[in-house]
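Novice: Got a structure for you, written out below as C-alpha cells; questions coming shortly.
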Ligand code: XMP
C-alpha cells in the first residue's frame, strides 16, 4: 500500500507509536530513516519524530528542509523534530534550559488549526531537556509551558512543531492534535484494516502468479492469520506444521483441528523424537536454540520439497528492528531461517512473500477478526519458537517435557477459569533443574521445583509480573502439586523485565 504519511525516525522510543496512531486515524503511515527522505515520492504529510540526541551537539541528525519544502505536504516536528526545524528556520535551541520529563501543563495561546476545538489548558507528556529559546520573526507561538517557553510553533502555513508527545496516551487530546494536523493535508482518511485486507486479497495472487505457496504454521496468531489470508486470496497453498515435540500438551493435534475448522488441511510432521535426540545432553541455552532452529528448518524443507514460493509471517516491528543494534529476540528467531543458506537462496530468487510485513501485531489480530479467525486463536499468548525447551533450564528430556506439559495445561486452564488469561501477556511454567525434599502421603519425596510466571506487558520489551489474587495462586499451586507427578514445590516468579526476561532461558 502506498505511504500516505511518512514518519521520519530520529530514534524516539515512541516512533512506532506515532505510526500506529496515524493509522488509527485512517492514514497509512510508515517509518523511514531520515536518509531515505528523497526516495519518499509524493506523500500527504510528513512527521519528524523525537529522538535521544541534542540538536546543539556536533553531527546531530539533520533534516533536508529544502526537499521537505518541495513536497508541498504539511510537516509536523515532534520534540527533536521541532527543535531541528526551528534551527533550520533560523531560530535557536538551548541545551538544558528547561528539563521536563513526564506530565506537564501547557497553555494554548490562540485559536489555531493544531489545537482547534481543544481547551486553552492541556496536560501533555514531555520528555526533553533542550528548549526552543528563539524563533524566527515570522514564526507564531501556538502554545507555551508553565515557564512561558514555546511548546508549539507554526513556522509557516505548512510547517508545525510541538515539544510534547501527542502519540502517548498520557497526552490529553493527543489524538485530536494529530487529527487536526492531518486535516491540513489534501487527502481524506481511507485506511482501515478492512481496506488493507481487500488490497492484500487483490495483490497476493498478482505476486504469486499461480505458484504453490508453502508456509510453516504453529497455531499462533501470525501464522494462522497468514494461512487464512492466503486461502482467502484463492492461491494454492500448503500449510506445514513441524511438531518439534516441544509444544504444549496435545497442541499439534489441536492446531490441525483448528485449521480444519478454518478450511485448511495442515501437513503435520512428527519430528519430536529427532528433536529430542538432537538436544540430548545439551544444556547451553543458545546452543539449544541453535539446534532447534537448524533442525526446524531442515525438517520443514524436507517436508516441503521443491519450493515454488514460501510465505513468512514477518510483522512490521520485525522489519523495522532487523538491522538495528537493538534487534529483539522475537525478531531474531523469526529471521532464524535467514541463517540458513536455503532461505537466503529463496530470498535472492524472489521466492519469499511476507504479506503481513506492514502490520503491527494488533493490526494482525484485527485482520484475523475480519477474516473470521476465531477469538480464542487471536487471543492466544505468544509462544516461543523453541517451545518448552527454553522453559527447562539445563538438558531437555522426555520426562521433563511431560512434567512441564502437565503443569502448563493446569496453569492455562485455571487462568481461563478465573478470567485472567486474557488480561495477561503470557503465562508459563519453568521446570527448575533442582530437586528438593518434600513429603507426599506418608513418604518422603525428592522431586522437582517448578516456577510459575505470569506477566503483564505491551510488547514484551518490558514486563511486570501479574499481581494475581492469592486465591488463584493457591488453586494453581494445589492443582499442580496434586496433579503433576514429579513436582513437589511451586514458586511464583515476581521478577520484572528488566532485569529478568520473560522466559528463563
Ligand atoms: P524474553 O524471554 O526475551 O522474551 O523476555 C520476550 C518474548 O519473546 C519470546 N521469546 C522467543 N520467541 N523464539 C521465539 O520465537 C525464542 O527463542 C524466544 N525467546 C523468547 C518470549 O516468549 C516473549 O514473548
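Okay, residues lined up against (1) within 16 Å of the ligand (Cβ to nearest atom); (2) in a loop (DSSP other than H, G, I, E, B):
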position: 449; (1), (2): no, no
position: 452; (1), (2): yes, no
position: 460; (1), (2): yes, yes
position: 501; (1), (2): yes, yes
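Every residue, every condition in (1) over 22 Å from residue 288 (Cβ atoms); (2) touching a helix residue (DSSP H, G or I) at 6+ places or on another chain (Cβ under 7 Å); (3) within 16 Å of the ligand (Cβ to nearest atom), yes or no:
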position	(1), (2), (3)
439	yes, no, no
445	yes, no, no
480	yes, yes, no
486	no, yes, no
492	yes, yes, no
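Novice: Within segment 14-72, work out how many residues are in a helix (DSSP H, G or I) and surrounded by 13 or more Cβ atoms within 10 Å (Cβ to Cβ). Talk me through it step by step, then tell me what you get.
Specialist: The initial filter retains those residues of segment 14-72 that are in a helix (DSSP H, G or I), namely 15-24, 34-39, 65-70.
From what's left, surrounded by 13 or more Cβ atoms within 10 Å (Cβ to Cβ): 15-24, 34, 37, 65, 68-69.
The total comes to 15.
Novice: Restricting attention to segment 262-281, which residues are touching a residue at least 60 places away in the same chain (Cβ under 8 Å) and either surrounded by fewer than 17 Cβ atoms within 10 Å (Cβ to Cβ) or under 20 Å from residue 312 (Cα atoms) (or both)?
Specialist: 262, 280, 281
Novice: For segment 467-484, state whether one or more residues are in a loop (DSSP other than H, G, I, E, B) and over 19 Å from residue 409 (Cβ atoms).
Specialist: Filtering segment 467-484 for residues in a loop (DSSP other than H, G, I, E, B) gives 467-469, 484.
Then keep just the ones that are over 19 Å from residue 409 (Cβ atoms); that gives 467, 469.
Checked segment 467-484: at least one residue is in a loop (DSSP other than H, G, I, E, B) and over 19 Å from residue 409 (Cβ atoms).
Novice: Among the listed residues 403, 377, 343, 352, identify the single one that is in contact with a strand residue (DSSP E or B) (Cβ under 7 Å, 6 or more places away or on another chain), surrounded by 15 or more Cβ atoms within 10 Å (Cβ to Cβ), under 30 Å from residue 320 (Cα atoms) and touching a residue at least 40 places away in the same chain (Cβ under 8 Å). Show your work before the answer.
Specialist: Details: 403 fails: under 30 Å from residue 320 (Cα atoms); 377 fails: in contact with a strand residue (DSSP E or B) (Cβ under 7 Å, 6 or more places away or on another chain); 343 fails: in contact with a strand residue (DSSP E or B) (Cβ under 7 Å, 6 or more places away or on another chain).
352 is the lone residue from the list that is in contact with a strand residue (DSSP E or B) (Cβ under 7 Å, 6 or more places away or on another chain), surrounded by 15 or more Cβ atoms within 10 Å (Cβ to Cβ), under 30 Å from residue 320 (Cα atoms) and touching a residue at least 40 places away in the same chain (Cβ under 8 Å).
Novice: Only one of 110, 172, 148 is more than 25 Å from residue 2 (Cα to Cα), part of a loop (DSSP other than H, G, I, E, B), in the same structural domain as residue 26 (by TED's automatic domain parsing) and within 33 Å of the chain's Cα centre (by Cα); which? Spell out the reasoning first.
Specialist: Values: 110 fails: within 33 Å of the chain's Cα centre (by Cα); 148 fails: within 33 Å of the chain's Cα centre (by Cα).
Being more than 25 Å from residue 2 (Cα to Cα), part of a loop (DSSP other than H, G, I, E, B), in the same structural domain as residue 26 (by TED's automatic domain parsing) and within 33 Å of the chain's Cα centre (by Cα) holds for just one of 110, 172, 148, which is 172.
Novice: Continuing with the same structure: Being under 17 Å from the mean Cα position of the chain (by Cα) and surrounded by fewer than 20 Cβ atoms within 10 Å (Cβ to Cβ) is the filter here; which residues of segment 1-13 pass it?
Specialist: 11, 13
Novice: Scan 242, 217, 208 and give me the residue that is crowded, with 19+ Cβ neighbours inside 10 Å, modelled with pLDDT of 95 or more and more than 16 Å from the ligand (Cβ to nearest atom). Full working, then the answer.
Specialist: Values: 242 fails: more than 16 Å from the ligand (Cβ to nearest atom); 217 fails: more than 16 Å from the ligand (Cβ to nearest atom).
Answer to the selection: 208.
Novice: Take segment 98-112 and flag every residue that is surrounded by 15 or more Cβ atoms within 10 Å (Cβ to Cβ) and modelled with pLDDT under 95.
Specialist: 98, 100, 104, 109, 112
Novice: Within segment 469-489, track down each residue that is within 11 Å of residue 447 (Cα to Cα) and either surrounded by 15 or more Cβ atoms within 10 Å (Cβ to Cβ) or in contact with a strand residue (DSSP E or B) (Cβ under 7 Å, 6 or more places away or on another chain) (or both). Break it down into steps so the answer makes sense when it comes.
Specialist: We begin by selecting, within segment 469-489, every residue within 11 Å of residue 447 (Cα to Cα); these are 481, 484-489.
481, 484, 486, 487, 488, 489, listed by residue number.
Novice: Listed residues 476, 456, 472; which is within 16 Å of the ligand (Cβ to nearest atom) and at pLDDT 95 or above? It would help to see each step written out before you state the result.
Specialist: Details: 476 fails: within 16 Å of the ligand (Cβ to nearest atom); 472 fails: within 16 Å of the ligand (Cβ to nearest atom).
From the options 476, 456, 472, the qualifying one is 456.
The values are calculated or read from the model by the stated rules, or taken from the named source; none is laboratory data. In this text the structure is predicted, and so the values were computed from the model without any measurement. Neighbour counts are summed over all protein chains in view; Cβ atoms, including those assigned to glycine, are modelled from backbone coordinates with ideal geometry.
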